[in-house]
Amino acid sequence: MFYANVYRHGLLGTLLVPQSGYYQDFPVLVAGLEKLVPLQFAPLLGNVIAILVRSLPVGLLLSERATTFAPSLRARGLIAALYICLPGVAETNANVENSLWYLAIAAIIVVISAPPRSRGAKVLDGVILVMCAITGVFAIALAPLLYLYRRWRGRDAVATWVLALFSAAAAIQLFALAYLQHHLPAGYVAGPRIAVPLHPTVPLLFEIIGRRVVMQPLGLDSSTISTLAVELIGVFGALAFAAAIRRGTAEVRLFLLFACAVLAMALAHPLGVSWGNLAAPINSGRYFLIPEYAIAVVVVWHAFQANVWARGAAVALLIFACAIAVPAHWSYPALANHGFAARAQAFERAPIGVRMVFPLNPAVSGGFWRMTLVRQ
């Protein structure tokens with residue numbers, strides 16, 4: 001969608017068009033960079049950029065600035081390792097479209113870290129925050145939480161320009177969701193957000209939390225136990241979350257409350273799926289990436305901070321995750337080879353006006369994604 005729109009209409013025009021209800025300008029900017037290289041290398045460039053974005057939280061967590069989040073380097077190293085190895089995130093790995101979720105994780109770590117000292121670190125922080133603000137609905141969750149965090153930590157905790165940035169971005173994204181998505185310009189590969197009846201219930205809420213937020217990141221197979229047991233695991237997971245929010249530092253609270261807000265927005269308005277669909281482990285994995293990672297942070301927090309019984313349970317879960325769950329889920333299924341490079345070379349040799357369809361991964365119901373380009 002993004003590359004086809006930039007190829008047809010240019011970068012600036014595409015930046016102004018919301019996709020699936022809101023602005024996703026980081027993938028659009030990457031599509032602008034991809035257009036500068038031969039088409040056959042465009043996916044590689046996008047994958048490399050997506051992997052670099054995915055790496056950002058690791059460097060941020062291991063820096064001394066992140067001692068505000070977790071003073072112990074062992075704890076931060078464990079949190080970083082779990083971030084890299086988290087099971088169940090194949091949908092979001094190494095693709096620009098879903099790198100916005102990792103940008104959000106990087107942005108929240110920047111906010112709760114100590115201020116940067118070098119000019120390069122200040123520039124990197126600024127780029128991360130701006131890209132997160134203009135991509136996705138995360139600004140809607142972050143803007144009020146940043147004001148709350150400033151109240152906890154004082155006026156110096158969050159720079160005024162950061163508050164202004166996310167407040168303005170939240171207003172723009174809300175305007176896109178309320179109005180602009182229903183008045184899209186003609187000719188773009190874009191559409192409004194698809195809504196279906198959610199059929200929400202309290203038991204289904206805890207089933208989703210138990211299955212998708214608690215068990216999936218720990219590599220546990222939820223299909224082998226009863227639905228009632230999954231719901232109870234969801235309740236215990238929510239209680240562990242609440243305990244960490246209640247007793248944790250302001251930085252831990254902000255991170256976990258942000259994950260709760262992201263989950264709440266995903267449940268309130270998912271793209272074309274009901275709550276019953278969300279309870280299935282194969283659907284909409286991107287919505288649960290940040291809550292899944294947050295539950296890993298909660299387990300580490302209990303392992304280092306809680307009473308002896310909670311600490312023992314958390315350590316047992318970490319041993320299980322590292323020894324069994326991560327190795328069992330380390331490999332991703334192979335993607336289909338559609339001969340993209342050969343088709344791209346043929347397209348670039350074709351005369352002006354030739355139309356070509358490119359099958360793309362991942363597989364969807366009824367086939368694969370397809371990108372249509374007309375040679376210019």
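The values are calculated or read from the model by the stated rules, or taken from the named source; none is laboratory data. Note that the coordinates shown come from a computational prediction; the quantities given were computed from them, not determined experimentally. Cβ atoms come from the backbone with ideal geometry, glycine included; neighbour counts cover every protein chain shown. The accessibility values were calculated without ligands, DNA or RNA, using every heavy atom of the protein model including side chains. Shrake-Rupley method; radii C 1.70, N 1.55, O 1.52, S 1.80 Å.
Are any of the residues in segment 21-40 outside any helix (DSSP H, G or I), touching a Ser or Thr at 6+ places or on another chain (Cβ under 9 Å), surrounded by fewer than 17 Cβ atoms within 10 Å (Cβ to Cβ) and touching a residue at least 12 places away in the same chain (Cβ under 8 Å)? The answer is no, given that none of the residues of segment 21-40 is outside any helix (DSSP H, G or I), touching a Ser or Thr at 6+ places or on another chain (Cβ under 9 Å), surrounded by fewer than 17 Cβ atoms within 10 Å (Cβ to Cβ) and touching a residue at least 12 places away in the same chain (Cβ under 8 Å). Here the condition is being touching a residue at least 60 places away in the same chain (Cβ under 8 Å), farther than 30 Å from Val196 by Cα and touching a Pro at 6+ places or on another chain (Cβ under 7 Å); of Ala296, Ala240, it holds for Ala296 alone. When Pro203, Pro197 are checked against the criterion of being open to solvent by 50 Å² or more (accessible area, probe 1.4 Å), out of contact with any strand residue (DSSP E or B) (no Cβ under 9 Å at 6 or more places or on another chain) and free of Cβ contacts under 8 Å to residues at least 60 places away in the same chain, a single residue qualifies: Pro203. Of the helices (runs of 4 or more DSSP H) lying entirely inside segment 83-179, those containing at least 2 residues that are β-branched (Val, Ile, Thr) and in contact with a Pro (Cβ under 6 Å, 6 or more places away or on another chain) span 99-112. Within segment 273-303, the set of residues being open to solvent by 30 Å² or more (accessible area, probe 1.4 Å), under 18 Å from the mean Cα position of the chain (by Cα) and not charged (D, E, K, R) comprises Pro281, Ile282, Asn283. State yes or no: is Val213 under 30 Å from Val315 (Cα atoms) and either in contact with a helix residue (DSSP H, G or I) (Cβ under 8 Å, 6 or more places away or on another chain) or open to solvent by less than 20 Å² (accessible area, probe 1.4 Å) (or both)? Against the criterion (under 30 Å from Val315 (Cα atoms) and either in contact with a helix residue (DSSP H, G or I) (Cβ under 8 Å, 6 or more places away or on another chain) or open to solvent by less than 20 Å² (accessible area, probe 1.4 Å) (or both)), Val213 qualifies.
Of all the listed residues (Leu100, Leu148, Leu142), the sole one being open to solvent by 30 Å² or more (accessible area, probe 1.4 Å) and modelled with pLDDT of 90 or more is Leu148. Filtering Pro362, Pro351 for residues that are exposed (fewer than 14 other Cβ atoms within 10 Å of the Cβ), in contact with a helix residue (DSSP H, G or I) (Cβ under 9 Å, 6 or more places away or on another chain) and of a type outside the set (Asp, Glu) leaves a single hit, Pro362. Of all residues in segment 210-236, those satisfying the criterion of being without any contact (Cβ under 8 Å) to a residue 40 or more places away in the chain and either part of a loop (DSSP other than H, G, I, E, B) or of a type in the set (A, V, I, L, M, F, W, C) (or both) are Met215, Asp221, Ile225, Ser226, Leu228, Ala229, Val230, Leu232, Ile233, Val235, Phe236.
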